[in-house]
Every structure is written in structure tokens, then in C-alpha cells.
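The values are calculated or read from the model by the stated rules, or taken from the named source; none is laboratory data. These numbers come from a predicted model, not from an experiment. Backbone-built Cβ (ideal geometry, glycine too); neighbour counts: all protein chains shown.
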Amino acid sequence: MNAKRTATKPPRAKTNRAKFGAAAYEGLSGKIPTPFPRHIGGNAMAYLKEVVDSGLTCNMTERFEAAFAKTVGVKHCIATPGCTPALAVLAASLRLKPGDEVIFSPVTDYGTLMGFIKEDIIPVFADTAPGSINLSAKTIEPCITGRTRAVVVVHKTGIICDMDPINALAKKHGLIVIEDCCQAVMGRYKGRLAGTLGHAAGFSFDSEKTMGSDTGGCLVTNDDDLASYARFIGHSRGAEMRPGFGRIHSAAGYAHRMPLCTAAISLAQLEIVHENVQRRDRIARLITSGLAKIPGVIPLPIPKYLDTYSCWMLGFNIDPTAFTCTVDEFAQQCDAMGLPGAGTARYYLMPAALTFLQEMAASQTYPFSTPPTAHGYKYSADNCPTAAAFLDTFIRWVTVCDKYTDEHCATAVQIVRAVAERNRK
Ligand SMILES: Cc1ncc(COP(=O)(O)O)c(C=O)c1O
């Protein structure tokens with residue numbers, strides 16, 4: 001077994017396993033809706049029927065890929081079972097070398113990084129910009145070294161990173177820019193759609209995401225060579241046909257093809273995505289302006305450049321000095337009053353959450369050994385003090401959905417206001 005695999009401990013017998021999708025929402029209730037059961041685009045049954053009636057011979061996945069690429073305005077879409085696989089395929093297709101560094105947003109989901117870690121890439125976490133949940137060109141710049149090859153930016157909650165300065169910085173240093181658009185599907189930055197703002201981008205259509213269609217996702221790019229290699233790596237398992245022999249595997253590829261049934265639902269979800277996103281934009285702006293009027297409550301700021309706020313998750317910081325309760329108590333009271341699943345989100349801080357990475361770096365397990373690296377790495381919340389402090393006072397509730405009416409938005413604000421007044425110093 002590879003040494004790096006032995007560095008992680010086997011799961012304990014009674015591991016309290018994380019839940020995903022609808023299972024993570026079980027038992028949650030409140031005064032505003034949760035995404036489940038999902039709204040599904042009206043053509044889903046017809047598309048699913050086509051898949052079944054064709055005896056699995058129809059080209060539903062290719063149809064979805066073509067439709068998604070056209071909607072986003074990119075040349076290529078490679079559909080996968082989720083964004084974690086999409087970015088894993090991308091990481092394996094970029095021809096990076098073990099020990100190369102890639103800079104990441106520190107506040108994100110594990111799926112942003114997983115594929116890069118498996119390629120023996122060293123993740124480097126840029127801090128967030130003050131008052132923001134996202135990184136910026138200014139916070140990326142000090143992380144750039146002679147080994148940096150790429151930057152993976154995450155448009156967290158649906159707020160698109162300020163991409164023009166990031167792209168200018170990347171150009172100066174010859175870095176590839178990759179967008180993680182999981183939480184910003186069809187969001188618009190200065191007139192341009194998320195997914196068109198870098199070299200390549202990953203999307204998630206996981207059941208709780210904006211275009212939820214079960215475990216779906218994709219990779220998009222305008223780069224013909226990258227797209228063709230990513231398809232070879234991601235869909236063909238790195239296999240090619242040799243005359244007289246058959247299949248040879250000239251690269252260690254994956255079988256990360258989006259299933260036909262997921263493609264059928266994804267296509268139907270794509271047909272209603274713009275309407276869905278317009279609702280989310282309205283909901284986010286309504287709730288944000290309501291929360292901003294509550295002293296001691298600081299909603300996520302909406303940058304002026306964000307033309308369409310494809311909001312997936314809403315949240316706010318509290319000023320702990322304004323209240324008699326702790327941040328966790330404030331969140332619990334919001335939940336008890338009807339904001340479903342209100343809680344803190346410290347787990348989004350990747351250098352603190354990836355304990356296996358901390359262990360690998362501390363024990364200098366490959367690729368944290370010399371070679372390929374020339375110095376030690378350490379992962380903890382201390383990597384990103386601004387992000388850690390931000391998340392310490394940040395509260396969010398379960399993901400926003402298109403079911404919210406204006407009354408639901410008002411109710412969400414009223415709940416936060418009531419908790420704030422009850423605990424005000
Ligand atoms: C920002 C971000 N990146 C990556 C992922 C992983 O996506 P998937 O669940 O489709 O693999 C998620 C999903 O939670 C996400 O929110």
C-alpha cells in the first residue's frame with residue numbers, strides 16, 4: 001500500500017458519519033421552507049421515459065452537456081456524477097506534478113480539493129478578504145511561490161469572487177484559474193456568467209444544490225485540448241484501443257460519467273434554472289437588506305459587481321459584543337424560533353477540517369516529504385486567521401430555495417431580529 005494511504009487512520013467502529021442530500025435535512029422544520037422535496041423541471045418524466053424506452057441507448061448525457069455548455073456560453077461541458085468527481089478529473093487532466101502547489105479558497109467544501117490532494121498536489125490556503133467569505137487577489141498574492149501552478153476560487157454562497165483582479169494576478173504569474181461554481185450556478189459577474197471567468201470550472205447538481213438533480217455535476221472549459229484530455233481521463237478511464245490487443249490504459253483515468261437518468265433530470269432542471277436563480281437573487285437581496293437594519297447583525301455583503309446573486313446559502317455575522325449570548329446560542333435560538341437548521345459553519349474552514357491533511361503534513365508523508373517538497377507545511381485554522389475569525393461569528397441556516405415567498409423572507413428577518421432583541425446587551 002502507498003505510504004500516504006497508511007497515514008490516515010481506519011474509521012472507528014462507531015464513527016458518526018456525515019449525511020448528505022435530503023438525509024441531511026431529516027427532522028428539520030421551521031417557519032420557512034427547506035429545498036426538500038425539490039421542485040423538478042416539468043419535462044423530467046418525459047426525459048426519464050426516453051431513457052427507459054430507449055433501453056439505455058439514448059444520448060441524454062450528451063444532450064445535457066450540449067444544453068449546459070450553450071446556456072453557460074462555453075465550448076465544452078463534461079458531465080460527471082458531482083463536482084467532486086468533476087474537479088478530480090480536472091486535477092488529473094492538468095498535468096500537474098506531485099509537490100506542485102495550488103492555492104485554494106479556505107472556506108469551501110472538501111469536494112473542491114479532494115481530486116487535487118489525490119494527485120499529490122500541495123494545497124495552500126489563501127485567507128479570505130476582510131469582511132468577505134471569499135478570497136481576493138490581495139490575499140492570494142502572498143501565497144504565490146515558484147511552485148504555484150493554479151488558483152481554485154470558490155464563489156461561496158453564490159457571491160462571485162472579484163475575478164478581474166484575480167485573473168490579472170494569475171496572468172502576471174502564469175497561473176491557471178479554476179472556478180468552483182457549485183454555489184453560484186448562473187450567477188453573473190459584471191455581465192459574465194460564473195463558469196466563464198477562468199480557465200475551467202466545476203459545477204454541482206447535487207440534490208440540495210440550485211440545479212439539484214441527484215448526484216450530478218460537470219466540468220466546463222473553452223480549452224479544446226483540456227476538454228478532450230479530461231474526457232479521456234474522466235469518461236474513458238484513460239483507455240484507448242490498440243489494434244490486435246484491445247483496451248490499454250495509458251493514463252490512470254476515472255469512470256466519472258454522468259448517468260443517463262441524472263442527465264434527464266439535470267436537463268429538466270436546466271430548463272427552469274433561470275427562473276429559479278432570479279427568485280434566489282430577489283430572496284437574497286430582500287433578506288440581506290432586512291438583516292442589515294438589525295444592529296449587531298452583519299449580513300454577507302453583496303458586491304456591486306454581482307449582477308445576479310445566484311444565492312445557495314444565506315448567512316450573517318453577529319457582533320458578539322452587542323449580545324449577552326454566545327454565537328452558538330444565538331444560532332440555536334434562531335433555529336428554535338423557526339429558521340431551520342440555523343447553526344455556525346466553522347466546518348467550512350478547510351485547513352481546520354481536513355485533519356488527514358494536517359496529519360500527512362505533520363508526519364511529512366508523501367507528497368509532504370523532501371522531495372518532492374523542499375520545506376514543511378502545516379495546516380490549521382492559523383493558516384487563515386481572517387477566515388477563522390469570520391466563521392467564528394457566522395451563522396447560516398439550511399440552504400435557500402426557490403420556494404421562499406416575500407413573506408418567508410420577512411419571517412426570516414423577523415426571527416433574527418427577535419433573537420437579537422431578546423439577547424441585546
Ligand atoms: C463549493 C463546493 N464545492 C464542491 C462541492 C462538491 O460537490 P458534489 O457534492 O457535487 O461533489 C460542493 C458541494 O457541497 C460545494 O458546495
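Worth a mention:
- The set of residues in region 364-400 being closer than 26 Å to Cys311 by Cα, of a type in the set (A, V, I, L, M) and in a loop (DSSP other than H, G, I, E, B) consists of Val398, Val400.
- Subset of region 66-86 [away from the ligand (no atom under 16 Å from the Cβ) and not in a loop (DSSP other than H, G, I, E, B)]: Ala66, Ala67, Ala69, Lys70, Thr71, Val72, His76
- Hits in region 127-158 (condition: over 20 Å from Gly195 (Cβ atoms) and within 16 Å of the ligand (Cβ to nearest atom)): Thr128, Ser132
- Taking region 283-313 as the range and being more than 24 Å from Val419 (Cβ to Cβ), touching a residue at least 60 places away in the same chain (Cβ under 8 Å) and surrounded by fewer than 20 Cβ atoms within 10 Å (Cβ to Cβ) as the test, the residues that pass are Pro303, Tyr305, Asp307.
- Of all residue pairs spaced 6 or more apart or on separate chains, those with beta-carbon atoms under 7 Å, a first member in region 33-54 that is modelled with pLDDT under 95 and a second member that is part of a loop (DSSP other than H, G, I, E, B) and among the aliphatic types (A, V, I, L, M) are Thr34/Leu28; Thr34/Val398.
- Candidate set from region 212-223 (those that are within 16 Å of the ligand (Cβ to nearest atom) and part of a loop (DSSP other than H, G, I, E, B)); member that is surrounded by the fewest Cβ atoms within 10 Å (Cβ to Cβ): Asp214
- Among the residues of region 168-194, the ones that are under 22 Å from Asn276 (Cβ atoms), outside any loop (DSSP other than H, G, I, E, B) and not acidic (Asp, Glu) come to 4 in all.
- Criterion (among the basic types (Lys, Arg), out of contact with any Phe, Trp or Tyr (no Cβ under 7 Å at 6 or more places or on another chain) and over 24 Å from Asn134 (Cβ atoms)) met by exactly one of Lys378, Lys403: Lys403
- Listed by first and then second residue, the pairs linking a residue in region 195-211 that is assigned to a strand (DSSP E or B) to a residue that is among the acidic types (Asp, Glu) and more than 8 Å from the ligand (Cβ to nearest atom), with Cβ atoms under 9 Å apart and 6 or more places separating them unless they lie on different chains, are Ala200/Glu179; Ala200/Asp223; Ala201/Glu179; Gly202/Glu179.
Here is a yes/no grid of residues against (1) acidic (Asp, Glu); (2) outside any loop (DSSP other than H, G, I, E, B); (3) modelled with pLDDT of 95 or more:
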{"residue": "Gln278", "(1), (2), (3)": "no, yes, yes"}
{"residue": "Ile283", "(1), (2), (3)": "no, yes, yes"}
{"residue": "Thr288", "(1), (2), (3)": "no, yes, yes"}
{"residue": "Pro295", "(1), (2), (3)": "no, no, yes"}
{"residue": "Pro301", "(1), (2), (3)": "no, no, yes"}
{"residue": "Asn317", "(1), (2), (3)": "no, yes, yes"}
{"residue": "Asp328", "(1), (2), (3)": "yes, yes, yes"}
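- Checklist (1) in contact (Cβ under 8 Å) with a residue 12 or more places away in the chain; (2) surrounded by fewer than 24 Cβ atoms within 10 Å (Cβ to Cβ); (3) closer than 27 Å to Glu208 by Cβ applied to Cys143, failing item: (3)
- Here region 92-106 is the region considered, the condition is being buried (at least 20 other Cβ atoms within 10 Å of the Cβ), of a type in the set (A, V, I, L, M) and in contact with a strand residue (DSSP E or B) (Cβ under 7 Å, 6 or more places away or on another chain), and the residue that is farthest from Ala170 (Cα to Cα) is Leu94.
- Any chance Val89 is more than 8 Å from the ligand (Cβ to nearest atom) and either over 27 Å from Glu141 (Cβ atoms) or surrounded by fewer than 24 Cβ atoms within 10 Å (Cβ to Cβ) (or both): yes
- Residue within region 135-143 that is in a helix (DSSP H, G or I), closer than 21 Å to Val74 by Cα and out of contact with any strand residue (DSSP E or B) (no Cβ under 8 Å at 6 or more places or on another chain) present: no
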